[in-house]
Amino acid sequence: MKCNDARTFMSQIAGMSVTIQVQQSDVNFLSTNGYVSVMQKGDYDQAAAEVANLAQMNDALQNEMVEERIARAALAKDEKKTHSILFHLEGRDEKETEVARVETERGAVAREDADIVEKDSRIKELIQKKSAIDRMVPYDGLYLSLTGLGVLTLNDLNVRNYRVSDSDFSDFIEERMDTLGELHSIAERGSYQVSNLRTRILEADFSQLWNVSIGLAKLRADQSQINQRFLLALGILHHFDSTLDNKMMAAEIITSLSASPSQSSIDNSDLQNLTKTLQNLDHDLRHHAKVPKQISTGVAALVMFGRRYDGTYPTDRFLEFSRMTRSYESAAILSVMNDPTNQLPGKFQAFRSMLGLWGYQTSEDTELASAFLAISDLEPDDVRWKMSIIVTALKNYLEYPLVAAAILTSIPTLEANETLDLMEKAYSSLWSFATGLERSELVSLSVRMIHGIKNEIVEKLDPTAKITRTPVQFTHAPSGLFFGYYAPLIIVHSSYYSTFSGIGGFHPAHVHGAGGGFGG
């Protein structure tokens, strides 16, 4: 069964009118796997007959409940009478008769209560049955309706039909379950990291811990060893002068540089050398590029991240880009990209101009958004419509959505609706683990989760291309053409102001939230 056939068939079931004919084996597949509920005509007719008198049954129950309340009130009155002083003055026979009558009333009320409970349970059962058969549509001697899973799957088919319409439905389901499984796994590993870090990094708040934990959870190596390496790296960086956010970002980058899934164990003997390199870069950037000490460690880590094959670091490119932008983090992101034809400065300027034409004043956010877009495979003409859709959607959750929107837009093989749908799935995977975070923070973490997704690798960047069966890869790298390791990071925090950036205002390494409410 092809995806387009499944989508059409399921859409018609939801629309209560099935006009297409599919093979019985396809109906069996949809039913067996829980997407469609199937009822034989005889069972449907019997269920319809059972619920036909539901209204009358409910009226009768309401009347019985009224009678029960009257009987209970009478019982309470008679019970009170048996405890009065006058009752004790009555004769023995009168008292025995009164007590017997009260016991009879008590038994009648108890039986009526039990009858009401039984009838109420039966009516609730019939209501559920009526709800089920009301959604059913006749088809080839059967009655069909979509299950909850079927509704969710149909939504996914609608979002991605342009890409998967000619693919086998079973392949689509397999890929969908892999994606959901990977998102859940990242969230679960992130929760493990948070539980281990929160007692070790007492000065970090919950959102900072979750942000770095998502980054660590995306590293494909033993999570306990990842945790140990990160804490060792952060401990070594303790004496650096930068803020905690920047130290944590640097420690995460150092952790990632040796986190290979092919290793049975992680060798931490390189930490001292990496830290020495970072210290030297930190010193050079502070003295030659005038990077403020409060952010120099994070910027230096990004530059270290772009180590060239000859062992050198792109400090020359950083100096070049720092003359183009006063956002040091943006300059660092641009500097680590392999750009032999020197097209990156022009792309960066083009994206800045695009955002300026949209009415955005130059800020850390516009600079960082332009940098993330510039290192993608896309040009301004490729992203205008897609990014405008994503920005509009994120405004409902983030007061400053530009950076997050740029990161989502930079995923080249997903259209806007697909990207937002994937972010929603990431959000759904996270919320049960990251309890206590505001909605804006969860949205920001969701962006971090899917940053660098290579879930659908196509031979050409053709949005109508058929999906290629590849393992789901939620790594940090937006393109293997640019990074040998992982892409630069975004830090989640809902209300962090920086006085140390080159432009001022909000720190660009944060995806800014609106305190959980709606932003403008």
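The values are calculated or read from the model by the stated rules, or taken from the named source; none is laboratory data. These figures come from a predicted structure and were not determined experimentally. For neighbour counting, all protein chains shown are included, and Cβ atoms are generated from backbone atoms with ideal geometry for every residue, glycine included. The protein model used for the area step is the full one, side chains on, heavy atoms only, and it has no ligands, DNA or RNA in it. Shrake-Rupley method; radii C 1.70, N 1.55, O 1.52, S 1.80 Å.
Rolling a 1.4 Å probe over the protein heavy atoms of segment 17-98, with every protein chain left in place, gives an accessible area that is 53 percent carbon and sulfur. Roughly how many nanometres apart are two label points built 7 Å out from the Cα toward the Cβ at SER432 and HIS239? Result: 4.7 nm between the two label points. Annotation: amide H of THR147 within the under-5 Å range of VAL36, SER37, sequence separation 5 or more or interchain, hydrogens built in the peptide plane. Out of every Cα pair in segment 368-425, what percent are spaced more than 17 Å from each other? Here the tail beyond 17 Å accounts for 28 percent of pairs.
The value for segment 126-273 of Rg(Cα) / (2.2 N^0.38 Å) is 1.59.
In the structure shown, do any of LYS347/LYS386; LYS41/LYS130; LYS41/LYS129; LYS293/LYS386 have a Cα-Cα gap over 26 Å, and if so which?
Pairs exceeding 26 Å: LYS293/LYS386.
Here the dipole of segment 249-334 is about 340 debye; that uses its Cα centre as origin and unit charges on the Cβ of Lys and Arg (positive) and Asp and Glu (negative).
The distance separating the Cα centre of segment 240-259 from that of segment 329-345 comes to 21 Å. Taking every alpha-carbon pair under 8 Å whose residues sit at least 6 apart, segment 224-321 reaches a relative contact order of 30 percent.
Put a dot 7 Å past the Cα of PHE206, heading toward its Cβ, do the same for LEU54, and the two dots end up 4.1 nm apart.
Annotation: amide H-H contacts under 5 Å for TYR400 (H modelled 1.01 Å from N, sequence separation of 5 or more, or interchain): HIS512. Across all directions, the average projected area of the convex hull around the alpha carbons of segment 217-343 is 8.1 nm².
Put simply, the amide H of TYR139, placed in the peptide plane, has neighbours under 5 Å in LEU144, leaving out anything fewer than 5 places away on its chain.
Excluding ligands, DNA and RNA, the accessible surface per residue across segment 265-316 is 50 Å² with a 1.4 Å probe. Which of rounded, prolate, oblate describes segment 285-388, given a ≥ b ≥ c as roots of the alpha-carbon gyration tensor eigenvalues and a/c under 1.5 marking rounded, otherwise prolate only if a/b is larger than b/c? Oblate, since a/c reaches 1.5 and b/c is not below a/b. Taking the Cα atoms of segment 193-289, the ratio Rg/Rh between the radius of gyration and the Kirkwood radius comes to 0.97. Per-residue extension of 0.36 nm, minus the Cα-Cα distance of ASP113 and HIS287, leaves a gain of 54.3 nm for this segment.
Full-extension gain between ASP381 and LEU86, please, as 0.36 nm times their residue separation minus the C-alpha to C-alpha distance.
Roughly 96.7 nm would be gained on extension.
Accessible surface calculations at 1.4 Å, restricted to protein heavy atoms, place segment 1-148 at 62 Å² per residue. Inter-part distance, segment 1-48 to segment 129-156, computed on C-alpha centroids, equals 7 Å. Rounded to the nearest whole Hz, the Karplus-based 3J(HN,Hα) values (6.51 cos²θ - 1.76 cosθ + 1.60, θ = phi - 60°) of segment 432-449 follow the sequence 6, 8, 8, 5, x, 8, 6, 4, 4, 5, 5, 5, 4, 5, 5, 4, 5, 4, with x at glycine and proline. Here the ratio of the Cα radius of gyration of segment 1-153 to 2.2 N^0.38 Å is 1.81. Listed values for segment 303-318 are Karplus-derived 3J(HN,Hα) couplings in whole Hz (6.51 cos²θ - 1.76 cosθ + 1.60, θ = phi - 60°), namely 5, 4, 4, x, 3, 7, 5, 7, x, 8, 10, x, 5, 5, 5, 4, and x replaces Gly and Pro.
Considering every alpha-carbon pair of segment 69-147, the percent of pairs per 10 Å bin, from zero through the bin containing the longest distance, is 16, 26, 17, 13, 12, 9, 6, 2.
In terms of its C-alpha gyration tensor, segment 120-196 has an oblate overall shape, because the principal axis ratio a/c (a ≥ b ≥ c, square roots of the eigenvalues) is not below 1.5 and a/b does not outweigh b/c.
Summarising the overall dimensions of segment 271-346 from its C-alpha atoms, the Rg and Dmax are 11.7, 38 angstrom.
Note that segment 28-33 has calculated 3J(HN,Hα) couplings of 4, 4, 5, 6, 4, 8 Hz, one per residue in order, obtained from phi through the Karplus relation 6.51 cos²θ - 1.76 cosθ + 1.60 (θ = phi - 60°); glycine and proline are x.
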